[in-house]
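Engineer: Here it is, the structure, as structure tokens.
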Amino acid sequence: MLKDVHILVEAFQYAERFHGKHVVVKLGGAAAADDEVATEVMQDLIWMLQWGIHPLVVHGGGPQIDAALAERDITPVRVDGIRVTDAPTLEVVQETLFGINAGIVKKLESMGGKALSWCGTNVFVGVPLSPASQFTGQVAEVKVRDLLQKAATSIVVLSCLAAGEDGTVFNVNADFAAIALSTAVKAEKFILLTDVPGVLLDPTDHSTLVSTLTVSQAKELVRKKAVAGGMAAKVKACIQALDHGVNKAHIIHATQSHSLLAEIFTNEGAGTQIIHDMEGGSSSGHG
């Protein structure tokens, strides 16, 4: 009983601290497709909004896009982990992301939440990732004025599409779109929901989870290749967000029960937080 009271005290303290702040959550396609996982994530987002925090969700759709491409006999092509988007692929990407976006909003509303579907092309200004990248792009600018007005009262759900000045639509890596959004809205937190508990020093051993890393420590892990592959990319994404003014970045397990709430509203947290060097390393609570 006393433990429960302490948890409530922690939660109320963090709720007060983060009231009115923006939290950007990157939701991967795999998590969105798992109904049980999605339900708990949506419930956490609804509670966050009810407690005065403004969640902004950027979603991907990698597995769903690959499946849709396979149905049309289109072979997915990636270079350095980034999807190469030609015209036929872009058509599939747009259709798939539209469906995912609408599904997330419908689920939030069915659970009593107030949510708004917003195509990324209304917010993200895109440019080609490289001269040869076709319709694979990157975010050059984020239009935040109308977005912030809507985010004051609704959970805004954004797809990772951007529009060029001439109206050309670009497919943007969802992690990078979420970073750009976090930077533009001066987010309190940038949260990556993943399929692993966080940063593991041994990927096969969950007991090696690192609860807190400073930016310097995170960069050292990447330099020494102590984290690799997809996790290295996520750690780099968090570092980039912090380098551009976000207060804290978090990598947490989407399938852990109410991991969003645990990471934001408790000292112990639920995954790995990456913080600015001045915050004192592992002594810093997660919320």
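Engineer: So which of 186, 224 is over 27 Å from residue 33 (Cα atoms) and touching a residue at least 60 places away in the same chain (Cβ under 8 Å)?
Structural biologist: On the way: 224 fails: touching a residue at least 60 places away in the same chain (Cβ under 8 Å).
Matching residue, one of 186, 224: 186.
Engineer: Looking at (1) more than 21 Å from the chain's Cα centre (by Cα); (2) over 28 Å from residue 36 (Cβ atoms), which is the one condition that is false for residue 82?
Structural biologist: (1)
Engineer: Oh, and also: Taking the residues in segment 93-131 that are among the aromatic types (Phe, Trp, Tyr) and either out of contact with any Leu (no Cβ under 8 Å at 6 or more places or on another chain) or at pLDDT below 95 (or both) as candidates, determine which candidate is farthest from residue 154 (Cα to Cα). I'd like the intermediate steps shown before the answer.
Structural biologist: First, pick out the residues of segment 93-131 that are among the aromatic types (Phe, Trp, Tyr): 98, 118, 124.
The next check asks that each one be either out of contact with any Leu (no Cβ under 8 Å at 6 or more places or on another chain) or at pLDDT below 95 (or both); those that pass are 98, 118.
Details: 98: 19, 118: 11 Å.
Result: 98.
Engineer: Restricting to segment 1-54, give me the number of residues that are at pLDDT 75 or above, over 21 Å from residue 185 (Cα atoms), out of contact with any helix residue (DSSP H, G or I) (no Cβ under 6 Å at 6 or more places or on another chain) and β-branched (Val, Ile, Thr).
Structural biologist: 2
For every residue, the table says whether it meets (1) at pLDDT below 90; (2) under 18 Å from the mean Cα position of the chain (by Cα); (3) crowded, with 18+ Cβ neighbours inside 10 Å.
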position: 194; (1), (2), (3): yes, yes, yes
position: 201; (1), (2), (3): yes, no, no
position: 206; (1), (2), (3): yes, no, no
position: 211; (1), (2), (3): no, no, no
position: 227; (1), (2), (3): yes, no, yes
position: 232; (1), (2), (3): yes, yes, no
position: 248; (1), (2), (3): no, yes, yes
position: 251; (1), (2), (3): no, yes, yes
position: 256; (1), (2), (3): yes, yes, no
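Engineer: While we're looking at this one, here's another question. Please verify whether segment 160-170 includes one or more residues that are crowded, with 19+ Cβ neighbours inside 10 Å, in contact with a Lys or Arg (Cβ under 8 Å, 6 or more places away or on another chain) and on the phi < 0 side of the Ramachandran plot.
Structural biologist: The answer is no, given that none of the residues of segment 160-170 is crowded, with 19+ Cβ neighbours inside 10 Å, in contact with a Lys or Arg (Cβ under 8 Å, 6 or more places away or on another chain) and on the phi < 0 side of the Ramachandran plot.
Engineer: Okay, next question. How many of the residues making up segment 171-192 are buried (at least 17 other Cβ atoms within 10 Å of the Cβ) and either over 19 Å from the mean Cα position of the chain (by Cα) or among the basic types (Lys, Arg) (or both)?
Structural biologist: At the first step, the residues of segment 171-192 found to be buried (at least 17 other Cβ atoms within 10 Å of the Cβ) are 171-185, 187-192.
Those left that are additionally either over 19 Å from the mean Cα position of the chain (by Cα) or among the basic types (Lys, Arg) (or both): 189.
Looking only at that region, the number is 1.
Engineer: Something else: What residue, among those in segment 259-275 that are more than 18 Å from residue 46 (Cα to Cα) and crowded, with 23+ Cβ neighbours inside 10 Å, is modelled with the lowest pLDDT?
Structural biologist: 270
Engineer: Right, next: Only one of 154, 117 is in contact with a Lys or Arg (Cβ under 6 Å, 6 or more places away or on another chain), among the hydroxyl-bearing types (Ser, Thr, Tyr) and closer than 26 Å to residue 53 by Cα. Can you tell me which?
Structural biologist: Numbers: 117 fails: in contact with a Lys or Arg (Cβ under 6 Å, 6 or more places away or on another chain).
Matching residue, one of 154, 117: 154.
Engineer: Grab the helices (runs of 4 or more DSSP H) fully contained in segment 19-129, keeping just those with 3 or more residues being surrounded by fewer than 16 Cβ atoms within 10 Å (Cβ to Cβ).
Structural biologist: Numbers: elements: 29-33, 35-50, 62-71, 87-110.
It comes to 35-50, 62-71, 87-110.
Engineer: While we're here: Being within 15 Å of residue 23 (Cβ to Cβ) and of a type in the set (Asp, Glu) narrows it down to one of 44, 34, so name that one. Steps first, answer last, please.
Structural biologist: Details: 34 fails: within 15 Å of residue 23 (Cβ to Cβ).
The conditions single out 44.
Engineer: Right, next: Given the residues 244, 286, which is the only one that is surrounded by fewer than 18 Cβ atoms within 10 Å (Cβ to Cβ), over 20 Å from residue 203 (Cα atoms) and in contact with a helix residue (DSSP H, G or I) (Cβ under 6 Å, 6 or more places away or on another chain)? Break it down stepwise before answering.
Structural biologist: Numbers: 286 fails: surrounded by fewer than 18 Cβ atoms within 10 Å (Cβ to Cβ).
Going through 244, 286 in turn, just one is surrounded by fewer than 18 Cβ atoms within 10 Å (Cβ to Cβ), over 20 Å from residue 203 (Cα atoms) and in contact with a helix residue (DSSP H, G or I) (Cβ under 6 Å, 6 or more places away or on another chain): 244.
Engineer: Here's a follow-up. Within segment 10-56, how many residues turn out to be among the hydroxyl-bearing types (Ser, Thr, Tyr) and not assigned by TED's automatic domain parsing to the domain that holds residue 178? It would help to see each step written out before you state the result.
Structural biologist: Initial filter on segment 10-56 (among the hydroxyl-bearing types (Ser, Thr, Tyr)): 14, 39.
Imposing the further condition that a residue be not assigned by TED's automatic domain parsing to the domain that holds residue 178 reduces the set to 14.
So the answer is 1.
The values are calculated or read from the model by the stated rules, or taken from the named source; none is laboratory data. Only a predicted model underlies this, so the values are computations on that prediction, with no experimental measurement involved. Positions of Cβ are generated from backbone atoms using ideal geometry, with glycine treated the same way; all protein chains shown enter the neighbour counts.
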